[in-house]
Amino acid sequence: MDELVVKRWQKNGKDRLYVNRAGARGQAVAWYDRITDEMHVVVEELRDAATAKIAEWRRINDSPAPSKSERPTTPTSLQTKAVPPLPTLTPDDDLASNRPGAALQEMARAKELEHSRLVRLASRLTRGTLVPESIRSGLAGELAVGSALERLVPAGWHVLHGIQWPSGSDIDHLVIGPPGVFTVNAKHHAGASVWVGDVMLRVNGGSTDYLRNSQFEAARTAKLLRHWCGRDIPVQPVIGVVGAQSIKIEGRDPTVLVLNADSIDQALAARPHALSASQVASIYAVARHKQVWLTKRSKKRTR
């Protein structure tokens, strides 16, 4: 990968970030206007790399300064906590390469391998399946929601799939676009009636923990992004429902968006914008790192 460097240039009321190849006479790759929030690319094949470099520079250097009331007064507290450096992004650690439902596909293959070769062959010949219904249904849901979310990418959005936490649980889909950041949980309920209140989501009358789990996932994501980005980034929890016969929203103040998977991309795109293009790129530059999500941060102990 080409090594790129970022240099800031300010003159006559202009403020720009220039991205060049490394070296004394490095080739110009792109430049970013900090005043108009516009990106200008010279070497098209390095667009993503240049965007990531600028996002990284801004993540470290554009953290908002504390207000007067927040500034420390004691000499020992004058050192503010710096934004931690991102790990090196390797192909194996780039979540952008994840495809929807990849984790469930691995689980399906593992379930098949629990049976003998003869049993697997007989299952294929009879067009049967050795994979439990829960895995097959979940996989169908993630594929449907992931496919719909990918339709947002041409409009400048970023979509990541199967983001794993240290515990082994994962975020089905993470969406980053002009309206903000969304954690999306796919739920497949073919032909079901879904009812949504303020604190409960019911499927065919039965209670679920979907809303509570989605809220927890979004809050956890917001905390992680704050640590790595150096500022608060609101994260909206979303549930994408696949195959339901009906979805009835009766909550007065829903904290979780419950959307039909068929139109989930349109619903998110219609929300008001809250992030600039450079902010979207900056958050994505952090979120695509697998190790960012797997790193366990030590908690400070109080005596």
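The values are calculated or read from the model by the stated rules, or taken from the named source; none is laboratory data. All values reported here derive from a predicted model rather than from experimental measurement. Quick reminder, even Gly has a Cβ in these numbers, built from the backbone with ideal geometry, and neighbours come from all protein chains shown. We work out accessible area using only protein heavy atoms, side chains counted, and drop any ligands, DNA or RNA first. Shrake-Rupley method; radii C 1.70, N 1.55, O 1.52, S 1.80 Å.
For region 238-253, the tally of residues that are surrounded by fewer than 16 Cβ atoms within 10 Å (Cβ to Cβ) and not polar (S, T, N, Q) stands at 5. Please find, within region 250-294, the residue that is modelled with the lowest pLDDT out of those that are assigned to a loop (DSSP other than H, G, I, E, B) and in contact with a Leu (Cβ under 8 Å, 6 or more places away or on another chain). Among residues in region 250-294 that are assigned to a loop (DSSP other than H, G, I, E, B) and in contact with a Leu (Cβ under 8 Å, 6 or more places away or on another chain), the one modelled with the lowest pLDDT is Thr255.
Just to be sure, is Asp198 open to solvent by 20 Å² or more (accessible area, probe 1.4 Å) and closer than 29 Å to Arg59 by Cβ? Judged against the criteria, Asp198 is not a match.
Restricting attention to region 197-207, the residues that are at pLDDT 95 or above and either within 24 Å of Pro100 (Cα to Cα) or among the hydrophobic types (A, V, I, L, M, F, W, C) (or both) total 2. Quick check, is Ser116 of a type in the set (Ser, Thr, Tyr) and modelled with pLDDT of 65 or more? So Ser116 passes the test.
Against the conditions (1) aliphatic (A, V, I, L, M); (2) open to solvent by 50 Å² or more (accessible area, probe 1.4 Å); (3) within 17 Å of the chain's Cα centre (by Cα); (4) under 23 Å from Leu211 (Cβ atoms), Ala190 satisfies every one except (3).
Taking region 1-57 as the search range and keeping residues that are among the hydrophobic types (A, V, I, L, M, F, W, C) and touching a residue at least 60 places away in the same chain (Cβ under 8 Å), which one is farthest from Leu89 (Cα to Cα)? For region 1-57, the residue satisfying everything is Met39. Of the residues making up region 216-231, those that are closer than 15 Å to Ile176 by Cα and either open to solvent by 20 Å² or more (accessible area, probe 1.4 Å) or out of contact with any Ser or Thr (no Cβ under 6 Å at 6 or more places or on another chain) (or both) are Ala222, Leu224, Leu225, Arg226, Cys229.
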